[in-house]
Amino acid sequence: MTNPTPTRLMRQATRLRLRREYPVRVPDLGIAYVAAPKNACTTLKMTLYRLRFGEEFDIVNVRGRDVFHVHHVFPSQEFDARGLEGTKVEDRFCVIRDPIDRFVSFYCNRILYHDDLAKSGPLLTAQGLKTQPDINELVADLDKYMKAARLVRHHVLPQSYFLGTDPSLYGLVADVSELDQVRAFLSDRFGEDTGAFPRYQEGGNDRKDEVHAALSPESRAALEEFYADDLRIWR
């Protein structure tokens, strides 16, 4: 993380108007990116910000909390096909992920590593919910957690909520494990290699195998039902 200058922060702040621009775009290159949380979206938004504006985005952190993030400029939101008007299919892309792995990634990063549910502690406690549930407790009470904590809802909503239900709308649908395809896609339009992608939100990754192993057959079945559309459409 860099130390942003006041001038650069002012430029970033003026770009908050882009919140109304959907999806994420690099107009000069004709690129349109539809984002889904936990699908490398921080990495790709930071990269597209750099390609669009010719400078890095500076995350502003105060007392351990990100108060100004690229997600404030380029939010992930419910899919709206109207936002794709004026863009070409071949210039649109999205990134997908195995739904169960995406859920586990959220749990390891946001709950175990960042301890984000501590911010909703009193509200969760009042409903008999833990701020550090194990993976099976989270699945069992997922509906309650989604209603009590916006952060949970935002990160675990199905990919189809963010990406829609028609893969043919995109020129490139890349799995999160195949970001080299996205790099080639962007480099082709940029006219030169855009470089290796920066890596973000990797905290907790060292516990993913452990958490996958702890996921009970009942919990896995519940998640497969919850993500039935994703498993049908985005695999």
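FYI, it's all coordinate maths here, none of it is from the lab. This one's a predicted model, so the numbers in the text were calculated from it and none came from an experiment. Cβ placement follows ideal geometry from the backbone for every residue including glycine, while neighbour counts extend to all protein chains displayed.
Between F197 and E85, the distance separating the two model label sites (each 7 Å from Cα on the Cα→Cβ line) works out to 3.0 nm. P(r) tail, region 97-225: Cα-Cα pairs separated by more than 27 Å, 30% of all pairs.
Can you give the net charge of the other residues whose Cβ lies under 14 Å from the Cβ of L123, counting K and R as +1 and D and E as -1?
Details: positive: K119, K130, K144, K147, R150, R153; negative: D116, D141.
Summing Lys/Arg as +1 and Asp/Glu as -1 gives +4.
Phi-derived couplings, Karplus 6.51 cos²θ - 1.76 cosθ + 1.60 at θ = phi - 60°, listed residue by residue for region 92-98: 9, 8, 8, 10, 10, 7, 3 Hz, with x used for Gly and Pro.
Modelled this way, with points 7 Å down the Cα-to-C-beta line, the labels at D143 and A126 are 2.1 nm from one another.
What's the magnitude of the charge dipole for the chain around its Cα centre, counting Lys and Arg as +1 and Asp and Glu as -1 at the beta-carbon? Answer in Debye, nearest 20.
Working: 33 positive and 35 negative charges, 217 e Å.
I would put it at about 1040 debye.
Hey, can you rank 179-187, 221-229 by average C-beta count inside 10 Å, highest first? Could the numbers behind the result be given before it?
Details: 179-187: 17.1, 221-229: 15.2.
Peptide ranking by packing, descending: 179-187, 221-229.
If you count Lys pairs in the chain whose Cα atoms are under 22 Å apart, skipping same-chain pairs closer than 8 places in sequence, the total is 11.
Using a Förster distance of 45 Å, how high is the FRET efficiency between E21 and E225, based on the Cβ-Cβ distance and rounded to 0.05? Could you put the intermediate results ahead of the total?
Values: r = 35 Å, r/R0 = 0.78.
Calculated transfer efficiency: 0.80.
Cα centroid distance between region 188-208 and region 221-235, in Å? Comparing the Cα centres of region 188-208 and region 221-235, I get a distance of 26 Å. Within the set (1) 7, 25, 24, 17, 14, 8, 4, 1, 0; (2) 6, 20, 18, 17, 13, 6, 4, 4, 4, 3, 2, 1, 0, 0; (3) 7, 30, 35, 22, 6, 0, the number that P(r) over Cα pairs in 10 Å bins from 0, in percent takes when calculated for this structure is listed as (3). One decimal place: the segment H212-T14 gains 67.1 nm when fully extended, by the rule 0.36 nm per residue minus the C-alpha distance.
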